[in-house]
Amino acid sequence: MKTICGKYKSQFIRFADDQIIFTHDKETARLILFEASKELFKINLNINSSKVKEFASRAEFETYWAFEIFDLLRDKENKDAINCGVEKYFQLIDSNTRFKDSSVLKRLLTINFSLIEPKHRHRLISGFLTETFLFGLQLWHFRRIRVAVNNDSEFFGQLDTMIPTALFNSFLFNLRLFYSKDRKEFDLTVIDDRIKELENASR
């Protein structure tokens, strides 16, 4: 990727599993992706087009990654900055701005929930309990949400309704681990049966 980008006088950056290409125009970016696709095809791989995001400007790129919000959430003891970050998060949500909202929610789970103003808590909990967010979580996240929600009936009830419709074994395995440690009275065969059902369907 770095070689192809250099050929088009563009910049390539990799951060963890994210790859970022800076070009002067969209046409160049698409040419780079086309060439990269040809190289990947040679080794039976391909680019997942659903994960490709285009940005018209650096400002749009920075908004997508929510850099300003993460800066505000950096100090986990700064109540004013934290609540300012939460307000900016809701502003982006309400304006239908495209950004990594789930990443912000995960970051908020690392913060002492008591520092967040009461007027924000209920709406944040609603975000924590959405299926799309819960499907991507692990044991630690589940435990943090349980503390934030402070209502096992509501939290466990939401998770229970997701078991029969879950399409991702990763979610079910993480949920099983969580329940085995934090909800020992739950019949884990309910989750095991769904895992087997998905495994059989993929054969």
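The values are calculated or read from the model by the stated rules, or taken from the named source; none is laboratory data. Computed from a predicted structure; not experimentally measured. Note that we place each Cβ from the backbone using ideal geometry, even for glycine, and neighbour counts take in every protein chain shown. Keep in mind that these areas ignore ligands, DNA and RNA; they rest on the heavy atoms of the full protein, side chains included. Shrake-Rupley method; radii C 1.70, N 1.55, O 1.52, S 1.80 Å.
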* Asked: How high is the relative contact order of the chain, in percent, counting Cα pairs under 8 Å that sit 6 or more residues apart?
  -> 11 percent
* To do: Can you figure out the FRET efficiency of Asn151 with Asp94, using R₀ = 35 Å and their beta-carbon distance, to the nearest 0.05?
  => 0.85
* **Semi-axis lengths (Å, descending) of the ellipsoid that matches the C-alpha gyration tensor of the chain** => 35, 27, 12
* Structure fact -> Taking Cα pairs closer than 8 Å and at least 6 residues apart, the relative contact order of segment 6-49 in percent is 23 percent
* Show Trp65, Trp140 ordered by accessible area, largest first, where the area counts protein heavy atoms only and the probe is 1.4 Å. => Trp140, Trp65
* Structure fact -> Pseudo-spin-label distance Tyr8 to Ser126, built 7 Å along Cα→Cβ, given in nm, is 4.1 nm
* How about Lys26: which lysines have a C-alpha closer than 23 Å to its C-alpha, ignoring those fewer than 8 places off in the same chain? -> Lys2, Lys7, Lys9, Lys38, Lys51, Lys53, Lys100
* Using a 1.4 angstrom probe on heavy atoms only, work out the carbon and sulfur share of the accessible area of segment 19-127 in %. => 51 percent
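Between Ser114 and Asp75, what is 0.36 nm times their sequence separation minus the Cα-Cα distance? Round to one decimal in nm.
12.6 nm
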* Helix axis angle, 152-162 relative to the chain longest principal axis, alpha carbon, degrees -> 50 degrees
* Structure fact -> Heavy-atom accessible area per residue of the chain, all protein chains kept, 1.4 Å probe, expressed in Å², is 63 Å²
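Just to make sure I understand: if all protein chains stay in place, what is the order of Asp152, Asp187 by accessible area at 1.4 Å, largest first?
Reading off the accessible areas and sorting them downward yields Asp187, Asp152.
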* Using a basic spin-label model with each label point 7 Å from the Cα along Cα→Cβ, how many nm lie between Phe173 and Asp25? -> 4.6 nm
* Just reorder Phe55, Phe171, Phe67 by solvent-accessible area, largest first, 1.4 Å probe, all chains present. => Phe67, Phe55, Phe171
* Structure fact -> Ignoring ligands and nucleic acids, Glu39 exposes an accessible area, probe 1.4 Å, in Å² to the nearest 10, of 100 Å²
* Over segment 90-203, what is the relative contact order in whole percent, taking alpha-carbon pairs under 8 Å and six or more residues apart? -> 21 percent
* MRE, 222 nm, helices only [DSSP H, n ≥ 4, -39500 (n - 2.57), over the chain, to nearest 500] -> -18000 deg cm²/dmol
